[in-house]
1. Among (1) on the phi > 0 side of the Ramachandran plot; (2) modelled with pLDDT of 90 or more, there is one condition Leu21 misses while meeting the rest; what is its number?
2. Given the structure, is Gln163 out of contact with any strand residue (DSSP E or B) (no Cβ under 7 Å at 6 or more places or on another chain), closer than 25 Å to Phe80 by Cβ and open to solvent by 50 Å² or more (accessible area, probe 1.4 Å)?
3. I'd like the residue in the stretch 218-251 that is hydrophobic (A, V, I, L, M, F, W, C) and over 19 Å from Met178 (Cα atoms) and, out of all such residues, is surrounded by the fewest Cβ atoms within 10 Å (Cβ to Cβ).
4. Within the group Cys29, Cys62, which residue is within 15 Å of the chain's Cα centre (by Cα) and without any contact (Cβ under 8 Å) to a residue 60 or more places away in the chain?
5. Look at the stretch 206-217 and say how many of its residues are open to solvent by 40 Å² or more (accessible area, probe 1.4 Å) and in a helix (DSSP H, G or I).
6. If you go through the stretch 84-112, how many residues are touching a residue at least 40 places away in the same chain (Cβ under 8 Å), surrounded by fewer than 14 Cβ atoms within 10 Å (Cβ to Cβ) and more than 26 Å from Asn153 (Cα to Cα)?
7. Please specify each residue of the stretch 24-40 satisfying the condition of being open to solvent by less than 30 Å² (accessible area, probe 1.4 Å) and either assigned to a strand (DSSP E or B) or among the basic types (Lys, Arg) (or both).
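The values are calculated or read from the model by the stated rules, or taken from the named source; none is laboratory data. Just so it is clear, the model here is predicted, and its values are computed rather than measured. FYI the Cβ positions are ideal-geometry reconstructions off the backbone, even for glycines, and counts take in every protein chain you see. Side chains included, ligands, DNA and RNA excluded: accessible areas come from the protein's heavy atoms. Shrake-Rupley method; radii C 1.70, N 1.55, O 1.52, S 1.80 Å.
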Amino acid sequence: MTEYKEKGKQIDPNLIPKFILYTESKIPCIGLGTFGSDSVSHETVAAAVKKAIYSGYRHIDCASVYSNEKNIGYVFNEIFLNGSIKREDLWITSKVWNDKHNNVIESCKQSLSDLQIDYLDLYLVHWPFPNFHPPKCDVSSRSPNAKPYIHENFMNTWRQMEQLVKEGLVKNIGTSNMTIPKLKLLLRDAKIKPACNEMELHPHFQQQELFDFCILNDIQPIAYCPLGSPGRPDRDRTPDDTVDLEDKVITEIAERLNVTPAQVAVKWAIQRGQIQFRFL
């Protein structure tokens, strides 16, 4: 921890704003995502998590499908054992992947074991349908075995999510990549409603209607790709893509305030009321 202080890179975690969920849990509004875009090793991700925590990050967003939770777990264990940071000082999120919609509790327990922790602050259903995407597939990939959203099936998954809360394995549950019609059905039938909905949000993709729906229903929006996604693989790019950090409005604001375009995008998101995390 000393080396980061000496380099002047440590930020007081108390300066990072927190939002309060309807469950009264306080979640840091800035976090580190652990998806490596298929180009970063698991060890590199774990090293980044360690550096981020010692630099002041207190929100780490994980997922079983990233296949690096074991590596991150070694970091958590080291940090908690040396006493530099307590478990309750970190907000740790994970997600159940598409192939475990019928085995949510098993999947959650595996993530807990891999991450070497006793509970998750937030557990999300990564996608609302159990469709399979081959590793490193591009945006045009379509699975011949894909299934549409079937609400009865999703509620079977959600009941297992609710059970995790009852068993004390998870403090908050939520959704990811959901739409308004799906959320309406879930809110109608859930015994424990989602605390958060994670979705792509940035200046060039604001999803205002979905964002407003979440706020109206006390579902905290969590943004992935808050800067757009400048580091995404070429296979995920299209000719019509725009670049947030090169937007004239954003760059002019950055120049006027003597900050970076990324800082403008982050500040915009916080003022808007969304949590955000940056992928590696």
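1. (1)
2. Answer is no for this residue.
3. Going through the qualifying residues, I end up with Val249.
4. Cys62 is the lone residue from the list that is within 15 Å of the chain's Cα centre (by Cα) and without any contact (Cβ under 8 Å) to a residue 60 or more places away in the chain.
5. Counting residues in the stretch 206-217 that are open to solvent by 40 Å² or more (accessible area, probe 1.4 Å) and in a helix (DSSP H, G or I) gives 5.
6. The qualifying residues number 2.
7. Within the stretch 24-40, Ile27, Pro28, Gly31, Leu32, Gly33 meet the criteria.
Conditions tested, residue by residue: (1) assigned to a strand (DSSP E or B); (2) within 19 Å of the chain's Cα centre (by Cα).
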| position | (1), (2) |
| --- | --- |
| Asn102 | no, no |
| Lys109 | no, yes |
| Asp118 | no, no |
| Asn131 | no, no |
| Val139 | no, no |
| Pro144 | no, no |
| Gln163 | no, no |
| Gly174 | yes, yes |
| Met178 | no, yes |
